[in-house]
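Here the structure comes first, spelled out in structure tokens, and everything after it is commentary.
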Amino acid sequence: MANSLSEEILKLDGFTLQGLGVCWQMQNYRNTQLRGKMDSNQSLNPVIDSGNSIAGAVYSDLDQATLEKIKLDALYLTRLELNTWKLHDKKLPNSLMNAMAKLYAEIYPISHKQAFEILEPWISAVWWHDIAETAEDGGGEMAEFSEMYWDKVKHGLVKHYQLLISLLGLEADAEAIAMHDFGRWTCHHRREYEGYSKHDAAMLAALSPIPDEESYRLATLRADAVWMHNDTHIETGVSEVNAEELWEATFHKLTEFYETFLILSQPKRSINA
């Protein structure tokens with residue numbers, strides 16, 4: 001059976017990003033493999049070529065070379081984030097922490113080693129998160145312990161964001177950001193789409209150059225991808241074929257999120273430029 005689009009892209013090697021940092025600068029890619037699969041006029045993703053409704057004003061002001069870099073960056077970041085989702089699903093904490101460090105080293109101006117070090121309390125929070133969910137869903141005596149486990153999740157997240165904010169030199173409220181991340185996790189578990197989007201929007205506004213007025217609409221793109229991912233689990237009754245289709249849709253929606261994120265993160269041009 002031929003490989004799916006998501007399988008083809010997820011297995012590609014040779015991509016390297018220089019930490020995106022405050023201005024989200026990108027270096028050149030060794031993209032021979034990817035371009036070999038395409039005609040010169042073929043789009044990597046149709047979203048960016050049509051102009052995203054959220055990022056349209058910024059999109060129209062970008063040159064073609066920047067747009068091409070954004071397309072490739074979005075594919076790479078999508079690959080990294082989806083890998084963290086899959087590793088969490090498979091309950092592989094060591095691999096998950098390493099994969100998350102790779103994603104952090106691309107999103108923030110920090111090294112993989114620095115990211116790995118500050119993610120120790122985060123992976124602890126993930127561990128307690130899974131236990132808390134099991135307890136909450138178990139009912140009875142198990143449910144009585146869920147709040148204690150959720151408190152351990154909060155503690156790990158607060159410590160993690162304190163380390164991240166200190167490393168980045170930001171003037172931000174680590175506890176508030178941690179509570180928004182905690183809110184994302186609980187809303188995801190309880191299938192509260194709007195709550196998830198609001199918490200994600202608050203995190204985007206606090207930790208990235210995304211304008212506050214655009215953060216919620218951007219967050220809904222990732223929420224859409226997360227909700228599609230929720231439906232990919234075969235044990236919930238989804239067939240293997242339908243699960244693959246949902247992974248394809250998840251991949252494209254998350255790529256749309258990252259394309260829009262990168263477009264909105266571009267430094268604004270001076271009116272006199």
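FYI, it's all coordinate maths here, none of it is from the lab. All values reported here derive from a predicted model rather than from experimental measurement. Every residue, glycine as well, gets a Cβ built from its backbone with ideal geometry; the counts of neighbours run over all protein chains shown.
Observations on the model:
- In loop segments of the range 124-216 as defined by DSSP, the trypsin sites (Lys or Arg not before Pro) with at most 13 further C-beta atoms inside 10 Å of their C-beta are 190, 191.
- Restraint check, 90/253; 102/152; 90/113; 69/154; 71/154; 71/152, Cα-Cα greater than 30 Å: 69/154; 71/154; 71/152
- Placed amide H near residue 110: partners under 5 Å, 5+ positions off or other chain: none
- The HN-Hα couplings worked out from phi for the range 192-209 by the Karplus form 6.51 cos²θ - 1.76 cosθ + 1.60 (θ = phi - 60°) are 9, 4, 5, x, 4, 4, 5, 5, 5, 4, 5, 5, 4, 5, 7, 10, 9, x Hz, whole numbers, x standing for Gly and Pro.
- Computed from backbone phi, the HN-Hα couplings of the range 120-135 come to 4, x, 5, 5, 5, 5, 4, 4, 5, 4, 5, 5, 4, 4, 4, 5 Hz, rounded to whole numbers (Karplus: 6.51 cos²θ - 1.76 cosθ + 1.60, θ = phi - 60°; Gly and Pro given as x).
- Debye equation applied to the C-alpha atoms of the range 67-264, log10 I(q)/I(0) at 0.10, 0.13, 0.15 Å⁻¹: -0.42, -0.73, -1.00
- As a proxy for reagent exposure, 226, 153 were ordered by neighbouring Cβ count within 10 angstrom, fewest first; the result is 226, 153.
- The charge dipole of the range 67-264, taken about its Cα centre with unit charges on the Cβ atoms of Lys, Arg (+1), Asp and Glu (-1) only, comes to about 580 debye.
- For the range 55-134, trypsin sites (Lys or Arg not before Pro) meeting the loop criterion (DSSP other than H, G, I, E, B) and having at most 12 other Cβ atoms within 10 Å: 90, 91.
- Footprinting exposure proxy ranking of 63, 200, 130, fewest other C-beta atoms within 10 angstrom first, gives 63, 130, 200.
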